[in-house]
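Engineer: Would you mind keeping the following structure in view while I ask a few things?
No lab work stands behind these numbers, since they all come straight from the coordinates. A quick note: this is a predicted structure, and the numbers were derived from the prediction, not measured. Note that each Cβ is placed from the backbone with ideal geometry, even for glycine, and that neighbours are counted across all protein chains shown.
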């Protein structure tokens with residue numbers, strides 16, 4: 001009886017340890033994916049960045065269209081660095097709190113930062129970044145209400161530096 005209890009305790013510890021390793025591994029993989037995508041964006045390696053998108057995103061937008069859109073935007077900003085905050089993983093879904101720092105270079109010059117959650121989906125064993133694809137993000141949240149309940153989902157916020165202080169930027173809304 002005593003040996004059975006010891007064996008059960010050892011088994012329970014092993015299962016919990018394995019769960020902790022899997023969770024840590026998932027968070028490490030998610031962090032590495034987010035960092036890799038940032039480095040590709042920063043170095044303007046848009047061809048490789050396309051491969052980081054989920055299949056649904058790639059099906060809706062061709063590689064050429066994706067690359068051309070990012071190339072048109074590159075004249076307006078320069079990315080410098082990224083801070084990675086909390087990482088939340090639930091099954092094949094992940095959210096990562098990030099702050100992207102850079103500079104607006106056209107039409108004005110200013111320091112800027114974007115506080116944004118990165119959304120990732122695991123497909124074919126790889127983490128794919130779905131952040132810019134609101135359709136995919138909305139589908140994943142609708143299909144996984146427990147994920148949305150467990151984590152606070154926040155809209156991106158953009159800031160510019162004025163007089164050494166970060167001031168939230170609110171773009172003017174266009175009329176219909």
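Engineer: Calculate, in whole percent, how much of the Cα-Cα pair population of the range 91-172 lies beyond 20 Å.
Structural biologist: 44 percent
Engineer: Ranked by Cβ crowding within 10 angstrom, fewest neighbours first, how are 135, 52, 36 ordered?
Structural biologist: 135, 36, 52
Engineer: Run the simple label-point estimate for residue 59 and residue 143 please: 7 Å along Cα→C-beta, distance reported in nm.
Structural biologist: Computed distance between label sites residue 59 and residue 143 equals 1.0 nm.
Engineer: Using the 10 angstrom Cβ neighbour count as an exposure proxy, how do 168, 39 rank, fewest first?
Structural biologist: Starting with the residue having the fewest Cβ neighbours, the order is 168, 39.
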